[in-house]
Amino acid sequence: MRVLSIVHQADAGSGVFAEAVAARGHELDEWRPPESAPPELEPYEAVLVFGGGMHADQEDRHPWLRGEKELLRSVRACELPVLGVCLGSQLLSEAAGSPPRRAAEPEIGWHEVTLTPDGRDDPLLGPLPSRFEALQWHSYEFMLPPGALPLARSPRCLQAYRLPGRGWGLQFHAEVVRESVDGWLERYSTDEDTVRAGIEPDHIRAQTDRRISAWNELGVAICDRFLAEAESG
């Protein structure tokens, strides 16, 4: 199976999801929208969409967003299995009819996420604990797309949804590797939203030290279950 990975910037890549793809013997092709035109979807049987420092409504600043949004509408139209993370989940929700919006406040660091009743029955999230600490790094949020099921929430916003036809969005960074977190923390002062959140980099770094190994196992397992859904036809 060939899997398309949509990566918006180098430090927000496929992460441990790439490990899950390789472990199942599949091929992962990376597309970076800022660098080239959208690929043809015909060779692919699943799509992963990742995060980035840009926002879904910044088409004037990032014109390539228009092409990516059109591609994601095509992904939905042909019912390709798709899993979006953070910005990817917001772009996917827009493609499904629900544009994201700026959140009341940024959510950055490790925050508790709670599964909904639908989440506890979901094939991707159902095996997770009903409550867990998740790595967050976002200042926008998605609203529930038409026909979608809410799968998880935090005190601040909706955290996961499932679309009809094997589509999922995760606001939390299930894919992230330690190197990416380190890079985000090193450059946090260049992002006005991150500064506005008043984060404590050393505190987040220490939490990440304690949690990243188990978190990566959780992320691999989520992606593995997504790939199993894609393989099921």
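The values are calculated or read from the model by the stated rules, or taken from the named source; none is laboratory data. From a predicted model like this one, the values you see are computed outputs, not experimental measurements. Heads up, the Cβs are rebuilt from the backbone with ideal geometry, glycines too, and the neighbour counts pull from every protein chain shown.
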Item to check | segment 221-233 residues that are in contact (Cβ under 8 Å) with a residue 24 or more places away in the chain and in a helix (DSSP H, G or I), paired with ones that are crowded, with 16+ Cβ neighbours inside 10 Å and acidic (Asp, Glu) (beta carbon under 9 Å, 6 or more apart) | outcome: 222/175; 223/19; 223/175; 230/45; 231/45
Checklist entry - Of the residues in segment 167-182, how many are crowded, with 24+ Cβ neighbours inside 10 Å, of a type outside the set (Phe, Trp, Tyr) and under 8 Å from the mean Cα position of the chain (by Cα)? => result 5
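Condition check ((1) touching a helix residue (DSSP H, G or I) at 6+ places or on another chain (Cβ under 7 Å); (2) over 24 Å from residue 130 (Cβ atoms); (3) surrounded by 17 or more Cβ atoms within 10 Å (Cβ to Cβ); (4) at pLDDT below 95) across all residues:
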residue	(1), (2), (3), (4)
189	yes, yes, no, yes
205	yes, yes, no, no
209	no, yes, no, no
214	no, no, no, no
Item to check | Hits in segment 97-116 (condition: under 19 Å from residue 54 (Cβ atoms), among the aliphatic types (A, V, I, L, M) and surrounded by 22 or more Cβ atoms within 10 Å (Cβ to Cβ)) | outcome: 108
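Conditions (1) more than 21 Å from residue 173 (Cα to Cα); (2) out of contact with any Cys (no Cβ under 6 Å at 6 or more places or on another chain); (3) at pLDDT below 95, marked per residue:
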residue: 10; (1), (2), (3): no, yes, yes
residue: 23; (1), (2), (3): no, yes, no
residue: 32; (1), (2), (3): no, yes, no
residue: 40; (1), (2), (3): yes, yes, no
residue: 45; (1), (2), (3): yes, yes, no
Checklist outcome for this item: Residues of segment 153-190 being closer than 19 Å to residue 102 by Cα and part of a strand (DSSP E or B), in sequence order, are 153, 158, 159, 160, 161, 169, 170
Item to check | Number of positions in segment 17-51 that are out of contact with any strand residue (DSSP E or B) (no Cβ under 8 Å at 6 or more places or on another chain) and surrounded by 22 or more Cβ atoms within 10 Å (Cβ to Cβ) | outcome: 1
Item to check | Filter result (within 16 Å of the chain's Cα centre (by Cα) and farther than 27 Å from residue 63 by Cα) within segment 20-46 | outcome: 20, 21
Checklist entry - Based on what the data block shows, is residue 42 more than 19 Å from residue 167 (Cα to Cα), free of Cβ contacts under 8 Å to residues at least 60 places away in the same chain, part of a loop (DSSP other than H, G, I, E, B) and out of contact with any Gly (no Cβ under 8 Å at 6 or more places or on another chain)? => result no
Item to check | Number of the condition not met by residue 76 [criteria: (1) in contact (Cβ under 8 Å) with a residue 40 or more places away in the chain; (2) touching a strand residue (DSSP E or B) at 6+ places or on another chain (Cβ under 6 Å); (3) of a type in the set (Lys, Arg)] | outcome: (2)
Checklist entry - (1) of a type in the set (Lys, Arg); (2) touching a strand residue (DSSP E or B) at 6+ places or on another chain (Cβ under 6 Å); (3) surrounded by fewer than 18 Cβ atoms within 10 Å (Cβ to Cβ): which one isn't true of residue 196, the others all being true? => result (2)
Checklist entry - How about segment 135-166: which of its residues are farther than 26 Å from residue 45 by Cβ, under 14 Å from the mean Cα position of the chain (by Cα) and touching a residue at least 40 places away in the same chain (Cβ under 8 Å)? => result 135, 137, 138, 139, 140, 141, 159
Item to check | Residue among 28, 65, 80, 71 that alone is at pLDDT 95 or above, more than 19 Å from residue 97 (Cβ to Cβ) and not acidic (Asp, Glu) | outcome: 28
Checklist outcome for this item: Looking across segment 62-84 at residues that are closer than 23 Å to residue 21 by Cα and out of contact with any helix residue (DSSP H, G or I) (no Cβ under 8 Å at 6 or more places or on another chain), the single one that is surrounded by the most Cβ atoms within 10 Å (Cβ to Cβ) is 71
